[in-house]
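Reading through the structure tokens given below for one structure.
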Amino acid sequence: MFELSLENSAGKRAELTNRKEYAVTEIQGLNPPSAKINTSETALFDGGRFNSSKVNMRSINIALTLNYEAEKNRIALYDVVRVKEQINIYYKNGLRDVFIPGYVESFTVNYFANKQTAAISILCPEPYFRAAQDVINEVSMIVGAFHFPFAITAEEPIPFSYYGEIAEIDVVNIGDVTSGLQIEIRAEGNVTNPRIYNRDTREFFGIQKEFEPGDVIYIDTRKGQKKARLLRDGEYINIFNSIEKGSTWLQLTPGDNIMTYEGDGTSAEYMSVRFIHSPLYEGV
């Protein structure tokens with residue numbers, strides 16, 4: 001069993017499964033997308049040389065039957081599925097709950113068939129399905145130590161929290177594809193020149209700047225959305241020019257990614273870091 005729905009940029013949504021108005025008969029384009037392999041021939045040896053490769057855009061075609069009352073149900077779909085407009089496709093089966101953004105290429109209807117049918121063609125420039133829910137991992141050197149019930153005496157005080165060793169966390173990418181992520185750094189005290197490290201690749205992303213208590217740093221390493229911003233006193237400030245030389249827009253490879261952080265002096269003690277990512281899938 002599967003669930004399929006469409007949602008346009010205005011937030012209007014059409015559920016196409018598990019309802020009497022529509023019956024989905026076929027969906028094409030749910031498999032992994034094709035790739036373009038660029039090669040060149042050489043006179044030095046047999047065969048050719050690999051130069052580059054890229055994944056092509058994805059096309060998804062949905063065929064469905066418009067049940068009684070066909071005219072009413074067709075008009076309801078027109079209100080959601082509009083040619084050339086952006087639309088999100090939501091798909092859920094027993095193992096994956098994903099969506100993919102695209103643009104409506106065509107919406108054709110067989111008006112005079114005994115059982116009225118429709119076909120919706122959607123082009124997806126970004127070829128990978130995204131997890132419907134983001135994965136959030138948080139790490140801090142401040143370790144909570146406060147539990148209920150409790151009793152405090154002068155002879156046996158109880159700490160509310162304490163500073164641990166250098167913090168690291170395993171950010172697991174359960175997707176099929178290497179992907180970017182969003183990083184949030186919250187300054188609980190004065191923080192200077194924070195850096196985020198991938199322990200395995202030894203790559204880092206750093207900001208050369210002093211931050212005040214309450215500051216929040218937002219870093220986005222996703223392709224096409226790369227940015228570095230500071231939220232201070234309710235105002236967003238572009239800090240792209242403060243990115244440390246040698247920094248890498250960190251990516252999450254499928255599987256384990258051990259991440260850690262540091263800052264000048266005792267900065268790390270006052271940093272709370274969140275890693276937010278949406279796993280990408282080749283197919284469902």
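Where a number appears in this text, it was derived from the coordinates with a stated rule and is not lab data. These numbers come from a predicted model, not from an experiment. Counting neighbours? That spans all protein chains shown, and the Cβs are built from the backbone with ideal geometry, glycine included.
Miscellaneous remarks
- For residue 223, the aspartates and glutamates whose Cα comes closer than 14 Å to its Cα, not counting residues fewer than 8 places off in the same chain, are 126.
- Sequence-ordered 3J(HN,Hα) estimates for segment 94-102 from the Karplus curve with 6.51, -1.76 and 1.60 and θ = phi - 60° stand at x, 10, 10, 10, 9, 8, 8, x, x Hz, glycine and proline given as x.
- The length gained on full extension between residue 12 and residue 79, counted as 0.36 nm times the residue separation minus their Cα-Cα distance, comes to 23.3 nm.
- One chain, two ends: residue 52 and residue 36. Fully extended at 0.36 nm per residue, the span grows by 4.9 nm beyond their Cα-Cα distance.
- Among 88-99, 24-35, the order from most to least packed when residues are scored by Cβ within 10 Å on average: 88-99, 24-35
- Sum of -39500 (n - 2.57) over DSSP H runs of 4+, divided by residues of the chain (222 nm, nearest 500): -1000 deg cm²/dmol
- Reach of residue 227 by Cα under 30 Å, taken over lysines that are not fewer than 8 positions away in the same chain: 12, 36, 54, 84, 209, 245
- Anchor residue 20: aspartates and glutamates whose Cα lies under 20 Å away (excluding residues fewer than 8 positions away in-chain): 3, 7, 69, 71, 79
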